[in-house]
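See structure below.
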Amino acid sequence: MDRLKIAVLLLFFMSLNLEAKEFPVCKDYFFIKENQTEEKQSFLEKILNENPGNVECMIKLSSVYLRTDKVSEGFDLIRRAYVLNPKFVEKQKISKILDLALRLSRLKEIAARDNDCELWNELGDTYFEIGIFNEARFSYEKSLELDENQTKIDILLAICDGNLDFTHTSANRLKRIVQRHPYNFYANYYLGKVLKNALDNKKEGQKYLMMAEYLIKYTKPDFENEAEVSYLKNDLEFELGEK
């Protein structure tokens, strides 16, 4: 069915006083091919702008956002849709992540309202754990704007940069941390990894990795558990060519 026929049908339904506002989302949306993300996003944003209460459009647009760098906006849309029509949302495939979407959307709202370091860090940690590094990075940046003396958060931000292929930014941030805290295990370890593996600077990278190895052997860094210690020791042996 081409767009002209759809337009005629749409006018027909409108003449019968049916709920025609939902119709374009149900039909025209599927004429956009699967890989045409920008076209889908533009189309759905236009429909939602014209019909801000269109729950079906919110769910479809959130699905598009979740495939791009707008994950946070996608979660916000799921929450908006759920408030308007919880039963409809619960029947959709996207309901599998409903709890996570509601939690993160609400947490972001509270963090922005209170502008609190701990809340921004909690939001960042949650995104970090599920591998959504652009959102984690945004949250950690907000936290550091409030308190720049958070070494752990600074390192996590550098790791996010590395995972987003901002390798030079990551290395420069880690160098600044090492300058301030020369015996910080994680700063030395990750700086060595970035320099050696991402920036192909093996000689300088090994210098920091050797410092990390020294620190893990002769100091007591604050590790999560013995499993982490074991992994880090093995990885350092591998990176330094001892295995």
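The numbers here are math on the coordinates, done by the rules we state, and not lab data. Bear in mind that the values here come from a model prediction, so they are computed numbers and not experimental data. Methodologically, a virtual Cβ is constructed for each residue, glycine included, from the backbone with ideal geometry; neighbour enumeration extends over all protein chains shown.
For the reader, a short list of remarks on this structure follows.
- The length gained on full extension between Tyr183 and Arg113, counted as 0.36 nm times the residue separation minus their Cα-Cα distance, comes to 21.6 nm.
- Given Lys108/Lys196; Lys96/Lys220; Lys46/Lys91, the pairs whose alpha carbons are separated by over 32 Å: Lys108/Lys196; Lys96/Lys220
- Sequence-distant aspartates and glutamates (8 or more away, or on other chains) whose Cα lies within less than 14 Å of Lys207: Glu237, Glu239
- Quotient of the Cα radius of gyration of segment 120-243 and 2.2 N^0.38 Å, N being its number of residues: 1.03.
- Spatial separation of Cα centroids for segment 46-109 and segment 164-243, in angstrom: 40 Å
- For segment 31-128, trypsin sites (Lys or Arg not before Pro) meeting the loop criterion (DSSP other than H, G, I, E, B) and having at most 15 other Cβ atoms within 10 Å: Lys33, Arg67, Lys91.
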